[in-house]
1. Quick one: which of Leu116, Leu150, Leu103 is closer than 30 Å to Pro51 by Cβ, in contact (Cβ under 8 Å) with a residue 12 or more places away in the chain and outside any helix (DSSP H, G or I)?
2. Tell me whether the stretch 9-21 contains one or more residues that are more than 30 Å from Ile350 (Cβ to Cβ), modelled with pLDDT of 95 or more and not small (Gly, Ala, Ser).
3. Picking from Ala383, Ala404, Ala430, Ala387, which residue would you name as being free of Cβ contacts under 8 Å to residues at least 60 places away in the same chain and either among the polar types (S, T, N, Q) or buried (at least 19 other Cβ atoms within 10 Å of the Cβ) (or both)?
4. Give all pairs with beta carbons closer than 6 Å in which a residue from the stretch 8-37 that is within 17 Å of Ala85 (Cβ to Cβ) meets a residue that is in a helix (DSSP H, G or I) and of a type in the set (A, V, I, L, M); count only pairs at least 6 apart in sequence or on separate chains.
5. Quick check on the stretch 36-48. Is at least one of its residues loosely packed, with under 15 Cβ neighbours inside 10 Å and either part of a loop (DSSP other than H, G, I, E, B) or at pLDDT 95 or above (or both)?
6. I'd like to verify a number: residues in the stretch 118-140 that are among the small types (Gly, Ala, Ser) and within 15 Å of Gly164 (Cβ to Cβ), how many?
7. Which condition breaks for Lys367 when tested against (1) over 30 Å from Ala423 (Cβ atoms); (2) touching a residue at least 40 places away in the same chain (Cβ under 8 Å)?
8. Select from the stretch 411-427 the residues that are at pLDDT 85 or above, in a helix (DSSP H, G or I) and out of contact with any Leu (no Cβ under 7 Å at 6 or more places or on another chain) and list them in ascending order.
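The values are calculated or read from the model by the stated rules, or taken from the named source; none is laboratory data. Keep in mind it's a predicted model, so treat the numbers as computed, not measured. Virtual Cβ from ideal backbone geometry, glycine too; neighbours counted across all protein chains shown.
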Amino acid sequence: MSDRGDRFDHPLIERYASPEMARLFSPRERHTTWRDLWICLAEAEHELGFPVSREQIAELRQVRDRFDWDRVAQLEKELRHDVMAHVHHYGELAPKARPIIHLGATSCFVTDNGDLMLYRRALRMVEQRLGAALKALAAFAETWKEQPCLGYTHFQVAQPVTVGKRACLWAQDFVLDLDEVQRVAEWLPFRGVKGTTGTQATFLLLANGDHGKVEELDRRVTRAMGFARSIPISGQTYTRKLDWSIHQVLSAIAQSATKFATDVRLLSHEGEIEEPSESKQIGSSAMAYKKNPMRCERICSLARYVIEVATTSAHTAANQWLERTLDDSAVRRIALPEAFLAIDGILMLIENVAKGLVVYPRVIEKKLREQLPFLATEEILMAGVAAGGDRQDLHERVRVHSRAAAQAVKAEGRDNPLMQLIADDPAFAAIRGTLPGLVEPRRFVGRSAEQVVAFVRDEVAPRLSRLPAARLGSDIRV
């Protein structure tokens with residue numbers, strides 16, 4: 001056996017995705033799904049009077065889980081056709097059933113239908129991962145719903161919000177993603193039993209021209225595989241726009257993940273919030289003091305890949321000639337499973353980061369103290385006018401004092417002196433005693449705390465309550 005160090009280990013498998021998601025796209029899972037489709041087709045054909053016996057179906061079931069992967073590889077090398085390699089191998093294991101395996105079907109009966117089955121299961125895994133991430137973000141938002149912090153627009157200081165309110169911005173994006181994942185998983189159609197170019201001609205021949213029997217065959221296989229409907233029209237393949245719909249959902253999650261992780265990275269630079277870190281974690285091989293937001297950087301890196309790889313499905317859908325071409329095959333084997341694996345890793349990281357976010361209230365409050373005098377100038381101006389001052393005169397005095405304070409902060413590195421400058425100005429003598437109250441941070445956050453409570457109660461909690469109770473293992477790779 002060759003040394004493991006002599007081959008490429010896919011990072012999505014070895015470093016990022018969960019064993020559950022990796023297993024879903026394994027050869028065993030894929031080809032067992034093919035066998036389930038062949039068994040289901042044989043059963044439906046038997047029930048509708050096609051030349052398939054119960055004994056043949058029983059034999060197919062008996063050897064369903066037996067694979068000789070070396071033999072499959074040998075057959076594929078000889079036949080240059082992966083589906084026929086598995087047909088022949090299955091036939092060797094079930095010799096009585098060999099004549100009826102794949103009866104009337106084209107390769108896409110197993111490849112396309114099998115892929116749709118795996119993609120739907122993968123979407124359900126993503127649904128669970130999204131639920132776990134949302135639960136963690138909602139808990140964080142509720143914990144910090146009343147902590148005022150500076151708001152930022154254009155990454156410049158703006159009206160204050162609260163730490164919890166900002167977390168709801170992240171959570172709301174994932175709520176929208178969860179809705180779309182669920183919609184697509186429910187909507188996703190089966191390819192069904194359509195034949196070589198989608199005409200069902202071979203099945204019509206087997207049914208002796210009975211159109212109703214062919215329609216029923218399609219319905220039975222579709223229902224047996226757990227789908228509510230099959231796509232009404234196909235070529236040899238289902239329209240590749242279905243793949244684009246799936247990739248769009250995954251890209252949308254990647255976009256939300258990037259927004260979340262980038263915000264945490266920015267706030268980490270500001271010293272307000274940090275992602276969790278381990279006691280022995282090293283930030284730099286040279287700069288020992290560093291503590292980098294490496295988990296959020298990893299989220300952004302993986303998300304960038306998902307967003308870019310999604311475009312392959314757009315190109316594939318656009319370039320399918322007539323009833324089909326095979327230039328979709330290789331890219332689909334790579335792009336769709338890898339996007340699911342990456343999203344799986346991303347969502348585990350988001351859950352981990354959200355559960356371990358570290359907030360530094362004193363840093364946040366220090367920044368507020370530095371900036372609130374500027375943000376409070378309108379309230380100070382209105383209070384001065386209400387106390388009998390001349391609005392235009394007070395406005396000019398506030399402008400002059402604000403410029404002087406900004407110069408002291410930026411050019412001289414001093415603490416913000418604006419409140420003292422205003423307090424010392426005789427024009428504001430009437431409100432001198434009320435000035436401290438005018439820069440109380442909670443005066444500026446509006447309904448932030450109330451919005452957090454309502455959002456978690458009305459948007460997050462109902463969605464989480466509808467998710468299955470069981471959830472995936474929490475073997476988060478950090």
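1. Just a single option satisfies the conditions, and that option is Leu103.
2. no
3. Ala383
4. Thr33/Met117; Trp34/Val110; Leu37/Val110
5. yes
6. 3
7. (1)
8. Within the stretch 411-427, Gln420, Leu421, Asp424, Pro426 qualify.
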